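The values are calculated or read from the model by the stated rules, or taken from the named source; none is laboratory data. Since the model is a prediction, treat every value here as computed from it, not as a measurement. All Cβ positions, glycine included, derive from the backbone under ideal geometry; neighbour counts span all protein chains shown. Calculation scope for accessible area: heavy atoms of the full protein, side chains included, ligands and nucleic acids excluded. Shrake-Rupley method; radii C 1.70, N 1.55, O 1.52, S 1.80 Å.
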Amino acid sequence: MELFTYERAHNPEAAVIAGAPSRAKFLGGGTNLVDLMREGIERPSALVDVTGLSQTIVETAEGGLLIGAAASNAAVAEHRLVRNRYPALSRAILAGASAQIRNMATVGGNILQRTRCRYFYDVNGARCNKRDPGQGCDAIGGFNRYHAVLGTSSHCIATHPSDMCIPLVAFDAIVHLAANGGSRSIKLAELHRDPGDTPQIETALDPGELITAIELPPLALARRSAYRKVRDRASYAFALISVAAALHVDDNRVTDVRLALGGVAHKPWRALIAERALVGQPATYDTFLAAARAELRAAQTQRDNAFKPELAARTIAAVLRTLAEEQA
Amino acid sequence: MTDSKNLGKGSSITRREALAGGAIVLGAIATKPLSAAPTTSHSTVPKTVLDPLIERPGQLGTPRSRRDGPLKVKGGARYAAEHHLKDMTYAALVFSTIARGSISEIDSRDAETSPGVVLVMTHLNAPRMGAPEPFLATPTGASGSSHPVMQDAEVFWNGQPIAVVLAETQEQADRAARLIQITYQAKTSVTRFSEAKQLETVATFGGEKLQTVRGDADAALEAAPVKIDVSFSSPRHNHNQIEPHAVTVAWQGKTLRMYDCNQGLSLTAATIAKVFGIEPAQVHVSAEFVGGSFGGKTLWQYHIVAAAAAKLSGRPVRMNVTREGVFRMCGGRAPTEQRVALGADKDGRLKALIHTGFTPKIQQNAMTEPFIEATQRLYSSETARIEVRAAHMDMLSNTFMRAPGSAVGTYALETAMDELAEKLTIDPIELRLRNEPDVDPTNGKRFSQRGLVQAYQMGAERFGWIPRKGQRLGRREGEWLVGTGVASAYYPHYHFPGGAARVTITADGKLLVELAAHEQGVGAATTTAIIAAKRFGIDFEDVEVRYGDSLLPGSHPAGGSQQTASIGATILAANTAMIAELAKIAPQGTPWAGLSSTGLTTVRAGIALTERPSVHIGYKELLARAGLQAITIEADAATPTAAETWSMHSYGAVFCEARVNADTRELRVSRVTGVYDCGKILNAKTAASQFRGGIIMSLGLAMMEETQFDERTGRIINASMAEYHMPVHLDVPLIDVAWTDIPDPHAPTGARGVGEISMNGASAALANAVYDATGKRVRDLPITLDKLMV
Amino acid sequence: MPIIINGHDVAAPADPRVSLLDLLRERLDLTGTKKGCNQGACGACTVLIDGQRKLSCLSLAVQCDGHDITTIEAISEVDSLHPLQAAFIETDGFQCGYCTPGQIMSGIALRGEMQRGAPSHVTPRLEDVPEASNEEIRERMSGNICRCGANNGIIEAISSYVRGTL
């Protein structure tokens, strides 16, 4: 690890000033950044500790929720309002990492965590366009069971590893940002990007920009939401694929649906094709499966992940079936 | 069963002599496995004299908590990286990134001037050292390979240590190590298994060919009315002990002092001594607590690098190998490609048994993954062709990992047996019973004790096995497909020579046992105390055990599930020697004076006449009357010979219930029963834990474990505990274990060893259960959900 | 502000790269907290920070300034055992002992999490107070890996502790 300076920010204004230098980084729970620094992937000259910023979870005037970026993953998952109104968010967080890590990791840090692609991690022994642009991608043609099948490019097939972000994009979450020049808000769905030919650029954040909060709009549909994570062991593993879904069925027809996928792309994947295909259709397993397959039609698979589109489709259909049965 | 001819004092000398006297002989494999048919004449088998200890009621088998329990649960047990030495430096390693070639340039200028750096050592400035002798290649070898350590520019594998930085703190060392720039001249390398197989050779293990040929198995297979012929593959595995490898080293005068994590102290000391050209007694290695070993806590390059850097810098060194470093430098289980072909008559009697295949190894070790071991012993068959072929690759040394060979070999054999049973429409247990041999199928020796049938009977009852005749009994419970399966377990009985101990009886009537045994989780001190208490007729609480130090007597490698057997034989020898000494100090004219060890026995904290146990005198009184504060003997265990006469192996029957998600094909295990036939169980509590631990690792092998070796570069990709999956608590159901508890009449204390057998059988039982649930046979490990989707 | 470790004030190290784990092990000789992977993948380094279980390997020591750290060394007196420690011995919830302090610290915090009704991944209904079922305890302990396979004993000990039946 390279030497760095460390300071704690006591408010967002001070944080963005301290975080303005080009090699400064904001530090949350450290569960990803400290590891990346130890691996020699991240080499910040300054760490600005933002865990002392807002950790509150409050109801908005519109009836949504505003979650401080420094709130721990555990606190969000456990919160009464989250459990009642956005159960898929609680479920997604609880399916992620371990209790210890959920106690440490912040909401802001979770959103900005980086891929677990092992070729990305192997600083000395593997090529990675994300780490060293233009170098090549050793994941292509290598071990890529955990890699992306949607929105990939010939430069990068890494996935975004978050569970928490999957229901958040399904629920149209908004990210509040602050920078030295002012603040703004964007949709979470617009924060992460496809790799294209610049996989090193992972988000729409400007340099020095800080996530201060995440806002969940009011969404009655989310009360009937679910999260299903499929992985290689029962717990404490990243998703092969995961599904966040919310469904409303009326008279055996789908009236409203939200769907997002994890483990399939460089970003949390909102399944808009499937959503559009479902609305107005009969709430049957076959319809669910057909819509899911439509979403995955564009999938491009690799040596080790050819199973993912089918697994994703079956899991989507299974989750929707369960949600539909609960409303029957 | 007393044998005084091998007793000797000054055991550190006799121990070295014993080691120098001949190759390490693996008890069971030292026999000639090439015989075409059973040949042993039963009339020449010596008469069996049962160890009287087995017959005595009481202590053996009583569940006892671990003696080191309080220390371990309080965090007070100190492991290799937890000994602090004055002026200690911290080490960080740099690993090669090519598979084969040479280093053309090392630029370490930035590292040398980085804050806190004490030394940068590479092949350019390392002290001259001999190449370490690999385990099994020489009598005292302990190393994972014979590669020279930083002696020249050659690179032999992707991940080889090529530089080390010493600094005042770990943070400084780690930072500086990243600044070292290496330029390589790459050579052609063989990193693809398919390519390596073109250069095949018949393999050996422990000096014997891994080959058994009996009759014409191919013709018999062809002619058999019922047959199956299937191929399997298994990937690389890593031990992933939770304690990463570490050593704390200092040169203290002429002595090299090492605080290590180690399962072969005496061999390690001997091997390192040769590397540095010093006497074995000058290498003092201790390892009181080892944070898991599973075959992997042996001698690797980091030991030698640390010792050399300590020598060069003149400062003690703490070498904390990073988790990635463990993957790069400390080997694991080799992958295999196996074929199992079984031919049977319509009644299920095997006519042909073919188990062959390939595994890679490196040229610089003596280890070939012996995946045919179980096949050589489990079933009778008129003909057999059993063979391993090894292919040399440019890779990190493959090595011993819990149940080497048989862990993956039984997976293939026992899923093939399940498949054959289905085809025969015979219950899979019945199929095994119909092929139960009368004598060892490979060498014709009589079984010392074999209870596979009893294990199946006990297990079937405990698990509630429902017999089947070719049909699947799998059922659906909600979203889960549920099935059951069964398989045999097998592990050989090893017993290495070289066991020795120093035993002291003190004036207060207590016993001190000192021997270079290992505690990596097996409960060695507890079991040793149990054996010694029983043997010396003394309370368990009155026995103190000191272990874990190379200066203590004996070689008791904690491998091959043989440490307890070795200790048992050693305590037996020590008891004989002690009786002789006690007879000498018994006052003239008393009934015990001058008797030989056959005339006396140790009971009720003293000695008594063997024929008249009531004629007894306590240790305390004996010592008091002789005016002694303590009496000490050293004894060497008799050279193990029982396996030359008897077929000595352990067996088991494992039952498993699998649940496969109907939508996603995720696999979960809901029930396991394992019944093992390992001779006498000495401590029910720790033995049960060993059995469960092996089952869990075997389930991991079946379900998720794989070291990903990128054949393009020869580099291990998932060098991390996050991406090398092993079972977590939620993967592990309650596991039912039991044992036949039938003493082996030819093993001291009747015990054959329990550490590895449960690594076998569970994986195949699970695979058979998966088949029962889904109708899918997965022959390429691990059984990941994608393989159940197709 | 100092770091409060087992009730004692400790100055944060001058080198900000030092992890809480290395501060404990290498500078304070509190070696009961173990380093298994140093990357948040095994749980051996679990300590309590302000009463919550966290990983000391991924915590920078400077971040702990002003916070209260409890390690395995402080949960019982020198000559006594915490009830959970005693339970581990009774159920044989360890072999090599290396993951053990982390398992125990994790188990202590787990009881608090269950008592306040925090749900887990396997809790059947998020709105209910979770029951201390075998599956609940196994899921909640899944961040602490035991490679020796003493899992059954570990879960038995912690289940008894959580249910208050020790």
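Once R0 is set to 22 Å, what does the formula 1/(1 + (r/R0)^6) return for the Cβ-Cβ distance between B:Arg339 and B:Glu208, expressed as a FRET efficiency to the nearest 0.05?
Working: r = 21 Å, r/R0 = 0.97.
With a Förster radius of 22 Å, E is 0.55.
Over the protein assembly as shown, what number does the Rg to Rh ratio reach, with both radii from the alpha-carbon atoms and Rh per Kirkwood?
Details: Rg = 31.0 Å, Rh = 31.9 Å.
Rounded to two decimals, Rg over Rh is 0.97.
Once you've got the Cα coordinates, tell me which of B:Lys685/C:Lys54; B:Lys274/C:Lys34; B:Lys86/C:Lys35 are over 26 Å apart.
Working: B:Lys685/C:Lys54 32 Å; B:Lys274/C:Lys34 33 Å; B:Lys86/C:Lys35 22 Å.
Exceeds cut-off: B:Lys685/C:Lys54; B:Lys274/C:Lys34.
What is the pair-distance distribution P(r) of chain B, computed from all Cα-Cα distances in 20 Å bins starting at 0, with each bin given as a whole percent?
In whole percents, the pair-distance histogram is 16, 47, 31, 5, 0.
Using 0.36 nm per residue of separation minus the Cα-Cα distance, give me the extension gain between B:Asp508 and B:Ser104 in nm, one decimal.
Numbers: separation 404, 0.36 × 404 = 145.44 nm, distance 6.68 nm.
That works out to 138.8 nm of additional length.
With θ taken as phi - 60° and the coefficients 6.51, -1.76 and 1.60, list the Karplus ³J(HN,Hα) couplings across region C:19-36 in order, rounded to whole Hz; mark glycine and proline as x.
Whole-Hz 3J(HN,Hα) from phi for region C:19-36: 6, 4, 4, 6, 4, 5, 6, 9, 10, 10, 6, 9, 8, x, 7, 9, 9, x.
Once you place label points 7 Å from the Cα toward the Cβ at A:Ser183 and B:Glu154, how far apart are they in nm?
Between A:Ser183 and B:Glu154, the simple spin-label model gives 6.5 nm.
Using the Kirkwood radius over C-alpha pairs as Rh, can you work out the diffusion coefficient of region B:514-670 via Stokes-Einstein at 20 °C, viscosity 1.002 mPa s, in µm² per second?
Values: Rh = 18.5 Å.
For the chosen part, D equals 116 µm²/s.
Can you list, bin by bin at 10 Å, the percent of alpha carbon pairs in region A:224-327, starting at 0?
16, 51, 26, 6, 0
List the accessible area buried at the contact between C and B, summed over both sides and calculated with a 1.4 Å probe, in Å² to the nearest 100. Provide the component values of the computation, followed by the final result.
Values: alone 8890 and 28190 Å², together 32590 Å².
It comes to approximately 4500 Å² buried between C and B.
Name the residue farthest towards the positive end of the dipole of the protein assembly as shown from the options B:Pro428, B:His392, B:Ala344, assuming +1 on Cβ of Lys and Arg, -1 on Cβ of Asp and Glu, about the Cα centre.
Going by the Cα projections, it comes out as B:Ala344.
Could you state the accessible area per residue of the protein assembly as shown in Å², with a 1.4 Å probe and every protein chain left in place?
Values: 41180 Å² over 1284 residues.
With the other protein chains kept in place, the protein assembly as shown gives 32 Å² per residue.
Going by alpha carbons, how many degrees (0 to 90, nearest 10) lie between the helix axis of A:285-296 and the longest principal axis of chain A?
40 degrees
What do you get for Rg/Rh over region C:1-45 if you use C-alpha atoms and the Kirkwood form of Rh?
Dividing the radius of gyration by the Kirkwood radius yields 0.98.
Put B:His616, B:His284, C:His8, B:His556 in order of accessible area, largest first, 1.4 Å probe: what do you get? Please list the in-between numbers first.
Numbers: B:His616 55, B:His284 30, C:His8 125, B:His556 0 Å².
Reading off the accessible areas and sorting them downward yields C:His8, B:His616, B:His284, B:His556.
Assign unit charges at the C-beta atoms only (+1 for Lys and Arg, -1 for Asp and Glu), then state the dipole size of region B:615-719 relative to its Cα centre in Debye, rounded to the nearest 20.
440 debye
Quick one: of the DSSP bridges fully inside chain B, what percent are antiparallel, nearest 5?
Details: 104 of 135 bridges.
If I count the DSSP bridges inside chain B, around 75 percent turn out antiparallel.
Can you find, among B:Val486, B:Val513, B:Gly548, the residue farthest towards the positive end of the dipole of region B:482-551? Put +1 on the C-beta of Lys and Arg, -1 on that of Asp and Glu.
Comparing the listed Cα positions along the dipole, B:Val486 ranks first.
Considering the alpha-carbon set of region C:83-163 alone, what are its Rg and its Dmax in angstrom?
12.1, 39
In region A:221-244, which residues give up 50 Å² or more of accessible area once the other protein chains are added, compared with their chain alone (1.4 Å probe)?
A:Arg228, A:Asp232, A:Arg233, A:Ala234, A:Ser235, A:Tyr236
Based on DSSP, what percent of beta bridges with both residues in region B:242-344 are antiparallel, to the nearest 5? Write down the numbers at each step before the final one.
Values: 10 of 14 bridges.
If I count the DSSP bridges inside region B:242-344, around 70 percent turn out antiparallel.
If one takes the longest principal axis of the Cα atoms in chain A, at what angle in degrees, from 0 to 90 and to the nearest 10, does the Cα axis of helix A:308-327 lie?
Long axis of A:308-327 versus the principal axis of chain A: about 60 degrees.
Straight-line reach from B:Lys351: which lysines have a Cα under 26 Å away, not including same-chain ones fewer than 8 places off?
B:Lys32, B:Lys209, B:Lys227, B:Lys423, B:Lys445, B:Lys469
Give the calculated FRET efficiency between B:Asn125 and B:Leu199 to the nearest 0.05, with a Förster radius of 51 Å applied to their Cβ-Cβ distance. Walk me through the numbers before you get to the answer.
Working: r = 36 Å, r/R0 = 0.71.
So, using R0 = 51 Å, E works out to roughly 0.90.
Got the relative contact order for chain B handy, in percent, Cα pairs under 8 Å and 6 or more residues apart?
On the way: 2134 pairs, mean separation 144.1, N = 790.
Relative contact order comes out at 18 percent.
Would you kindly calculate the translational diffusion coefficient of region C:15-164, applying Stokes-Einstein with the Kirkwood radius from alpha carbon pairs, for 10 °C and a viscosity of 1.306 mPa s, and quote it in µm² s⁻¹ without decimals?
Values: Rh = 15.7 Å.
Value of D from the Cα-based Kirkwood radius: 101 µm²/s.
I'd like the residues of region A:285-328 whose 1.4 Å-probe accessible area shrinks by no less than 30 Å² going from the isolated chain to the full set of protein chains.
A:Phe307, A:Leu311, A:Arg314, A:Arg321
Probe radius 1.4 Å, ligands and nucleic acids left out: which of B:Glu168, C:Glu26 has the largest accessible area, and how do the rest follow? Intermediate results must be reported in sequence, preceding the final value.
Numbers: B:Glu168 85, C:Glu26 25 Å².
My answer, sorted largest first, is B:Glu168, C:Glu26.
Evaluate the charge dipole of region A:88-214 about its Cα centre and quote only its size in Debye, nearest 20, assuming +1 on the Cβ of each Lys and Arg and -1 on the Cβ of each Asp and Glu. Write down the numbers at each step before the final one.
Values: 12 positive and 11 negative charges, 71 e Å.
Charge dipole, region A:88-214, about its Cα centre: 340 debye, nearest 20.
Taking Rh as the Kirkwood radius, which is the inverse of the mean 1/r over Cα pairs, what is the Rg/Rh value for region A:143-214? Walk me through the numbers before you get to the answer.
Working: Rg = 13.7 Å, Rh = 13.5 Å.
Rg/Rh: 1.01.
For B:Ala163, enumerate residues with amide H under 5 Å from its amide H, sequence gap 5+ or separate chain, H modeled in the peptide plane.
B:Val94
What GluC sites (Glu not before Pro) does region B:533-614 have in DSSP loop regions with at most 12 other beta carbons within 10 Å?
On the way: sites: B:Glu541, B:Glu544, B:Glu581, B:Glu611; in loops: B:Glu611.
Within region B:533-614, the qualifying GluC sites (Glu not before Pro) (loop, at most 12 other Cβ atoms within 10 Å) are B:Glu611.
Using a 10 Å Cβ count of at most 10 others and DSSP loop calls, identify the longest part of chain B lacking such trypsin sites (Lys or Arg not before Pro). Could the numbers behind the result be given before it?
Working: sites that count: B:Lys5, B:Lys47, B:Lys86, B:Arg128, B:Lys254.
The answer is B:255-790.
Could you give the dipole magnitude of region A:5-51 about its Cα centre, charging the beta-carbon of Lys and Arg +1 and that of Asp and Glu -1, in debye to the nearest 20? Display every interim value, and only then the final one.
Numbers: 5 positive and 6 negative charges, 22 e Å.
It comes to approximately 100 debye.
Need one number: the % of Cα-Cα pairs in region B:95-177 sitting beyond the 20 Å mark.
Working: 1485 of 3403 pairs.
Roughly 44 percent, once rounded to a whole number.
Given N residues in chain A, what is its alpha carbon radius of gyration divided by 2.2 N^0.38 Å? Present the calculation step by step, with values, prior to reporting the outcome.
Numbers: Rg = 19.4 Å, N = 328, 2.2 N^0.38 = 19.9 Å.
With N residues counted in chain A, Rg over 2.2 N^0.38 Å equals 0.98.
Add -39500 (n - 2.57) for each DSSP H run of 4 or more in chain B, then divide by its residues: what number comes out at 222 nm, to the nearest 500 deg cm²/dmol? Numbers along the way, then the final one.
Numbers: 21 runs with 203 residues, N = 790.
For chain B, the value works out to -7500 deg cm²/dmol.
What accessible area, summed over both chains, is buried at the B-A interface (1.4 Å probe, Å², nearest 100)? Intermediate values should be presented prior to the final figure.
On the way: alone 28190 and 14620 Å², together 39770 Å².
In total, chains B and A hide about 3000 Å² from solvent.
If I take every Cα pair under 8 Å that is 6 or more residues apart in region C:3-74, average their sequence separation and divide by the length, what percent do I get for the relative contact order? Mind showing how you got there, number by number?
Working: 132 pairs, mean separation 31.2, N = 72.
After rounding, I find 43 percent.
Of all accessible surface on the protein assembly as shown at a 1.4 Å probe, what whole percent is carbon and sulfur? Before the final figure, lay out the partial values.
Values: 20720 of 41180 Å².
Here it works out to 50 percent.
For the charge dipole of the protein assembly as shown, defined by +1 on Lys and Arg C-beta atoms and -1 on Asp and Glu C-beta atoms about the Cα centroid, which residue among B:Gln252, C:Ser106, A:Leu272 has the Cα displaced farthest towards the positive pole?
Value: B:Gln252.
Under 8 Å for C-alpha pairs, at least 6 residues apart: give me the relative contact order for region A:271-325, rounded to a whole percent. Write out the running numbers ahead of the final one.
Numbers: 45 pairs, mean separation 22.4, N = 55.
Across region A:271-325, relative contact order equals 41 percent.
Exposed loop sites here are trypsin sites (Lys or Arg not before Pro) in DSSP loop states with at most 14 other C-beta atoms within 10 Å. What is the longest stretch of chain C lacking them? All intermediate terms of the calculation are to be shown ahead of the outcome.
On the way: sites that count: C:Arg116, C:Arg125.
No qualifying site falls inside C:1-115, the longest such stretch.
Near B:Lys584, which lysines are there with a Cα under 16 Å away, not counting those fewer than 8 places off in the same chain?
Here the lysines satisfying the reach criterion relative to B:Lys584 are B:Lys9, B:Lys620.
Compute the semi-axes of the equivalent ellipsoid of region A:5-51, taking the square root of 5 times each eigenvalue of the Cα gyration tensor, and list them largest first in whole Å.
19, 12, 7
At 10 °C and a viscosity of 1.306 mPa s, what translational diffusion coefficient does Stokes-Einstein give for region B:230-333, taking Rh as the Kirkwood radius over Cα pairs? Give it in µm²/s as a whole number.
Working: Rh = 14.4 Å.
Translational D for this selection: 111 µm²/s.
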